[in-house]
1. Would you check if there is a residue in segment 32-41 being closer than 21 Å to residue 147 by Cβ, surrounded by 14 or more Cβ atoms within 10 Å (Cβ to Cβ) and at pLDDT 95 or above?
2. Within segment 47-74, how many residues are within 20 Å of residue 24 (Cα to Cα) and not charged (D, E, K, R)?
3. Are any of the residues in segment 161-180 of a type in the set (Lys, Arg), surrounded by 15 or more Cβ atoms within 10 Å (Cβ to Cβ) and at pLDDT 95 or above?
4. Among the residues of segment 56-66, count how many are surrounded by 14 or more Cβ atoms within 10 Å (Cβ to Cβ) and in a loop (DSSP other than H, G, I, E, B).
5. What number goes with the only condition from (1) without any contact (Cβ under 8 Å) to a residue 60 or more places away in the chain; (2) assigned to a helix (DSSP H, G or I) that residue 145 does not pass?
6. Is at least one residue of segment 67-89 surrounded by 13 or more Cβ atoms within 10 Å (Cβ to Cβ), part of a helix (DSSP H, G or I) and at pLDDT 95 or above?
7. For residue 116, which of the numbered conditions (1) part of a strand (DSSP E or B); (2) touching a Leu at 6+ places or on another chain (Cβ under 9 Å) fails to hold?
Amino acid sequence: MKARLVIPLIIIYFISFQAKSQLFITQGGETSFFSETPLENISALNKQVAAIINTSTSEVAVRIQNVAFHFPNKLMEEHFNENYMESEKYPNSTFKGKIQEVIDFKKEGVYDVSAKGILEMHGVKQERVIKGKLTVGKEQLTFVGNFDVKLADHKIEIPTLVMAKIAESLTVKNHFVFTQKK
């Protein structure tokens, strides 16, 4: 009787261990954005981005806490959180998708990748393809990629008074170093 119970438990443990070993995570990914206008440039950096890649399914998930973006100017940071992103109402921006290319995650190298999925920002979900470079190393994965976000696509309104100071589209840059979940 004990053998009947022990064998299924070992199989469940092995399957869950194997599934975990295919997950690569980061809690310290970096996302930044830049807005350029003739009157003023605005930049911000977030070094607390959580992201995960499941190498067995090529699924990707990213979660960004909006209040963790830091600006050179504290007033810009306050306006970003209160007036534009409404960070109390929409605390996170997320991306959930899947890498479209077939990647051999056991073979070291640099791969051009595109992840197709849903970007949710300011409560608005939009299908996106995010492109970048994925470096497969011995014990880590590194993703570097840029994409543009039109504020109007996510219903982020810019008051007429400051419209000349904020670009209609922002360049978003990502740099994530993933380690294998053990």
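The values are calculated or read from the model by the stated rules, or taken from the named source; none is laboratory data. Not measured: the values here are computed from a predicted model. Cβ coordinates were reconstructed from backbone atoms using ideal geometry, including for glycine residues, and neighbour counts include every protein chain displayed.
1. Scanning segment 32-41 turns up at least one residue that is closer than 21 Å to residue 147 by Cβ, surrounded by 14 or more Cβ atoms within 10 Å (Cβ to Cβ) and at pLDDT 95 or above.
2. Our first condition is that a residue be within 20 Å of residue 24 (Cα to Cα); within segment 47-74, this holds for 47-65.
Pick out the ones that are also not charged (D, E, K, R) and you get 48-58, 60-62, 64-65.
Going through segment 47-74 one residue at a time, the tally reaches 16.
3. Applying the first criterion (of a type in the set (Lys, Arg)) to segment 161-180 yields 165, 173.
Among the residues that remain, those that are also surrounded by 15 or more Cβ atoms within 10 Å (Cβ to Cβ) are: 165, 173.
Add one more test, that the residue is at pLDDT 95 or above, and what stays is 173.
Yes, the conditions are met somewhere in segment 161-180.
4. So the first thing to find is which residues in segment 56-66 are surrounded by 14 or more Cβ atoms within 10 Å (Cβ to Cβ), and the list is 58-66.
When the remaining residues are screened for being in a loop (DSSP other than H, G, I, E, B), the result is 58.
So the answer is 1.
5. (2)
6. yes
7. That leaves (2) as the condition not met.
Table: residues versus (1) under 19 Å from residue 49 (Cα atoms); (2) in contact with a helix residue (DSSP H, G or I) (Cβ under 7 Å, 6 or more places away or on another chain).
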{"residue": "75", "(1), (2)": "no, no"}
{"residue": "79", "(1), (2)": "no, no"}
{"residue": "84", "(1), (2)": "no, no"}
{"residue": "87", "(1), (2)": "yes, yes"}
{"residue": "91", "(1), (2)": "yes, yes"}
{"residue": "95", "(1), (2)": "yes, no"}
{"residue": "109", "(1), (2)": "no, no"}
